[in-house]
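A short reminder: the numbers here are calculations on the coordinates, not readings from a lab. Please read all numbers here as calculations on a predicted model, not as lab measurements. Virtual Cβ from ideal backbone geometry, glycine too; neighbours counted across all protein chains shown.
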Amino acid sequence: MTNTSPRLPSAAVVREVGLRDGLQSIATILPTEQKREWIAAAHAAGQREIEVGSFVPARLLPQLADTAELVAYARTFPDLFVSVLVPNLRGAENAIAAEVDLMIVPLSASHQHSLANLRKTPDEVVAEVARIRAARDAAGSKTLIEGGVGTAFGCTLQGQVEKSEVLRLMQALLDAGADRVSLADTVGYADPAMVRELFEAAMEIAGERFWCGHFHDTRGLGLANVYAALEVGVRRFDACLAGIGGCPHAPGASGNVSTEDLAYMLGSMGIATGIDIDALLALRQRVARWLAGETLHGAVWQAGLPKTFAAPAARPAIAA
Ligand SMILES: [Zn+2]
């Protein structure tokens, strides 16, 4: 079907974060070799943006201890846009040395979540982003800095997070030198009306520098929230294959929207992602085998694609 709605885009990017957000929250430690297979198969299925890990000390997240190796591997695919998460300057220095395309610095708009998760206040994270920007520029590096504002709709520790505080911190990240900003519903508190309101305001502040919507499907509203963000102009979404993951500091949180279901929804709406969903479903089967015993999510893998489904042929040309 052709997308005729003037409010919806003709293309969108699905950024795979299963290797980071997904794997960091489950017990299974996936061997490096299987992660490499995952990256190669995701690329073969048409995915062009992958968050491959996080530069945190291995003792904190042994699941992601091989991030440097995975960055080196992912960079062998010339058209793959490689990102990592970095919690601080130390991690950013590793990301710059590894020549990743983009590093995401998480900031939690919830004071309590920020202290529990990062041991810093949100404003201390903003100051760290300024130091990261200085280090990046001093190194002559091209690595982009994304400031990701998490717990943007509330959190399990603090409860309410004010919209004005989320937007203040987003502006502060841009002022501190973040090249891109994004919003995350870390614990799945958002509904589509909340998403429309907050993302519309965020787009007004950040314009072209607004980068990504990150939705967890904790209460089943992940895809509805993606749709609401699409309507206000967001063009890039994080997703985890098989919806794996959660948040170690947000009890009960399940994973991100599942990559295959998101790619299906977008494709069915005539929005090009460049993703071959059958290839993605085949990869999902392999990952499910590797993660035997873990809770997986998603719907399309059970029912298969509708007979009437025809994905848009075009590959999205959304520049970094
Ligand atoms: Zn997340």
Could you list the square roots of 5 times each eigenvalue of the Cα gyration tensor of segment 93-186, that is, the equivalent ellipsoid semi-axes, sorted largest first and rounded to whole Å? 25, 12, 11
Work out how far the C-alpha atoms of segment 1-153 reach from end to end along every principal axis, then list the three figures in whole Å, largest first. 47, 42, 37
Long-range share for segment 38-125, i.e. C-alpha pairs more than 16 Å apart as a percent of all pairs, stands at 55
Taking only DSSP H segments of four or more residues, each worth -39500 (n - 2.57), what value at 222 nm results for the chain once the sum is divided by all its residues, to the nearest 500 deg cm²/dmol? -11500 deg cm²/dmol
Mean shadow area of segment 112-251, taken as a quarter of the surface of its Cα convex hull (nm²): 8.4
Calculated FRET value between Ala134 and Arg59, using beta carbons and R₀ = 45 Å, to 0.05: 0.95
Can you pull the percent of Cα pairs in segment 122-177 with separation above 17 Å? 43
Apply 1/(1 + (r/R0)^6) to the Cβ-Cβ distance of Thr308 and Ser10, taking R0 = 25 Å, and write down the FRET efficiency to the nearest 0.05. 0.80
Distance from the Cα centre of segment 132-157 to that of segment 176-239, in angstrom? 16
Quick one: check the C-alpha center-to-center distance for segment 1-68 versus segment 265-292, whole angstrom. 12
Here P(r) for the chain, Cα-Cα distances in 10 Å bins, as whole percents, is 6, 29, 39, 23, 3, 0
What does the extension gain come out to for Gln34 and Glu162, with contour length at 0.36 nm per residue minus their alpha carbon separation? 42.0 nm
